[in-house]
1. Of the residues that sit in segment 117-159 and are in contact with a helix residue (DSSP H, G or I) (Cβ under 7 Å, 6 or more places away or on another chain) and among the aliphatic types (A, V, I, L, M), which one is farthest from Ala35 (Cα to Cα)?
2. Residues that are touching an Asp or Glu at 6+ places or on another chain (Cβ under 7 Å), closer than 16 Å to Cys108 by Cα and not aromatic (Phe, Trp, Tyr): does segment 213-226 have at least one?
3. So, in segment 57-103, how many residues would count as being part of a loop (DSSP other than H, G, I, E, B), over 19 Å from Gln205 (Cβ atoms), free of Cβ contacts under 8 Å to residues at least 40 places away in the same chain and of a type in the set (S, T, N, Q)?
4. Tell me the residue from Ala183, Ala229 that is modelled with pLDDT of 95 or more, aliphatic (A, V, I, L, M) and farther than 24 Å from Lys26 by Cα, please.
5. Condition first: within 23 Å of Asp99 (Cβ to Cβ) and assigned to a loop (DSSP other than H, G, I, E, B). Now tell me which residues in segment 180-228 satisfy that.
6. Tell me, which residue of segment 38-84 that is within 16 Å of the chain's Cα centre (by Cα) and β-branched (Val, Ile, Thr) is farthest from Ala27 (Cα to Cα)?
7. Does Met122 satisfy the condition of being in contact (Cβ under 8 Å) with a residue 12 or more places away in the chain and in a helix (DSSP H, G or I)?
8. Please work out which one of (1) among the small types (Gly, Ala, Ser); (2) farther than 28 Å from Glu55 by Cα; (3) modelled with pLDDT of 95 or more is the condition Ala201 fails and give its number.
Amino acid sequence: MSRKSRIAVIMDENTSGDGTRYDTTKAYFTAVHRAGGMPFGIPYLADMVESIVSEFDGFVSVGGRIQFPHEWYTPGDESRYRSSERLKVEQALMQGFLDCDKPVLGICNGMQMLACLHGGRMVHEVRKVGPHILTHDDRTAMHSVEILPGTMLSRILGTARIDVNSRHQEAVVEVSDQAVVAARADDGVIEAVEIPSKRFAIGVQWHPEAFATQDHPCNRLFDAFVQAAQQRH
């Protein structure tokens, strides 16, 4: 019997406080475990990066609110979040897994990093893009998302539209030719990206882990991610 996939899940932190604690919802671990993987929380220790990339089968970049590099934003815009030692470690981890073509799943903050590592650009406050923008930064809000046909995400979810949660202030507004937009909200906001040159590199703006204990199409995303990691064995 083949061993279960070992999935590296970078920890979030209490950036809304003093940044001295790792602070990550259990739902990420529940979602990976339910899909058949073995999730492990990863701290912000740079000297561990090489070993983690070598020893783990897949990487989950979780939500969070940290200061991204100035050049990742559209001209004249920048992050107003606090800086975090998470950034360099997470960037090195994501790039390392991508370079090895090991599966990467980016969630919220993780989707933004995935897009920007491939030439994308962001804005700090998506609600300022225009009056048509939906409420995206509300833990009680749900909205519909169109899954674009022909994408890996479309094949995984098996549906053209799903209802998702919204918990983000920042948003990706441009992607390069290295990435493909895989989903949009009805206001046009990019809700998912994927990197077609990689075996599995998908980022979603919403929080699919929140549905891990429900019967929801988003569980298929974790299933596909863990299955892709398992295929390396």
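1. Ile133
2. Taking segment 213-226 and keeping what is touching an Asp or Glu at 6+ places or on another chain (Cβ under 7 Å), we get none.
No, there is no match, as no residue in segment 213-226 is touching an Asp or Glu at 6+ places or on another chain (Cβ under 7 Å), closer than 16 Å to Cys108 by Cα and not aromatic (Phe, Trp, Tyr).
3. Residues flagged as part of a loop (DSSP other than H, G, I, E, B), over 19 Å from Gln205 (Cβ atoms), free of Cβ contacts under 8 Å to residues at least 40 places away in the same chain and of a type in the set (S, T, N, Q) within segment 57-103 amount to 1.
4. Working: Ala229 fails: farther than 24 Å from Lys26 by Cα.
Within the list Ala183, Ala229, the selection yields Ala183.
5. Ile195, Pro196, Ser197, Lys198, Arg199, Phe200
6. Across segment 38-84, the extreme among qualifying residues is Ile66.
7. Working: in contact (Cβ under 8 Å) with a residue 12 or more places away in the chain: yes; in a helix (DSSP H, G or I): no.
The answer is no for Met122.
8. Among (1) among the small types (Gly, Ala, Ser); (2) farther than 28 Å from Glu55 by Cα; (3) modelled with pLDDT of 95 or more, the lone unmet condition for Ala201 is (2).
The values are calculated or read from the model by the stated rules, or taken from the named source; none is laboratory data. Keep in mind the model is a prediction, meaning the values are calculated, not measured. Note that each Cβ is placed from the backbone with ideal geometry, even for glycine, and that neighbours are counted across all protein chains shown.
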